Amino acid sequence: MNTIIERAENDWLFKGFAINAGFSASTGFVALLTPAYIADWPGWSRPEVPGPMASAVAAGVGTALVLFAARLGYLAWKGRVTALEARGIVAADLAWVTCTAGVLILRPDVLTGAGQWLLGALGLFVLSLAELKGFALRRRARDVTVGMA
């Protein structure tokens, strides 16, 4: 059942959307406006990954983050979302965290020490946002179940 969630019944979910929108937009715009710097500083522009390719990846990630932020901002402003879309957003956050962990575990050599710390910190922040939204969804499910009993 794909129910509609309103802000009045689950404000924490929409606060999570707003925080995530702001964070994703800011990091996305930084990646879009300075892709060469973003590619070079953490170490992506190494001989294994040519600079132009790393810059293109940074710009692509920046674009995806800005689009994701736009959708989250719209949902936070509208105050209404389907439960399926809310779970999908949590899943997208968890996919980001999984990819981050994968890079840090499988290919830490493509990043500098600072890049590893930065990617790890970003991953932990996104994980905390996913947990905030997941908590809000679990709390809503509990409240709905208790209300039905």
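We did not get these values from a lab; they are worked out from the coordinates using the rules stated. Everything numeric in this text was worked out from a predicted model, so none of it was measured. As a convention, Cβ positions derive from the backbone with ideal geometry for all residues, glycine included, and neighbour counts pool all protein chains shown.
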What ranking do Leu84, Leu127 get, fewest neighbouring Cβ atoms within 10 angstrom at the top? Leu84, Leu127
Restricting attention to the alpha-carbon atoms of the chain, what are Rg (one decimal) and Dmax (integer), both in Å? 17.5, 62
Going toward the positive end of the dipole of the chain, with +1 on Lys and Arg Cβ and -1 on Asp and Glu Cβ, which of Gly16, Leu32, Ala114 do you reach last? Gly16
Of Ser24, Ser128, Ser55, how do they rank once you tally other Cβ atoms within 10 Å and put the fewest first? Ser128, Ser55, Ser24
Residue order, fewest to most beta carbons within 10 Å, for Ile4, Ile38, Ile19: Ile4, Ile19, Ile38
Please report, in debye to the nearest 20, how large the charge dipole of the chain is about its Cα centre when each Lys and Arg carries +1 at its beta carbon and each Asp and Glu carries -1 there. 420
Taking a label point 7 Å from the Cα of Leu84 along the Cα→Cβ vector, which residues of the range 1-30 have an amide N closer than 11 Å to it? 1-3
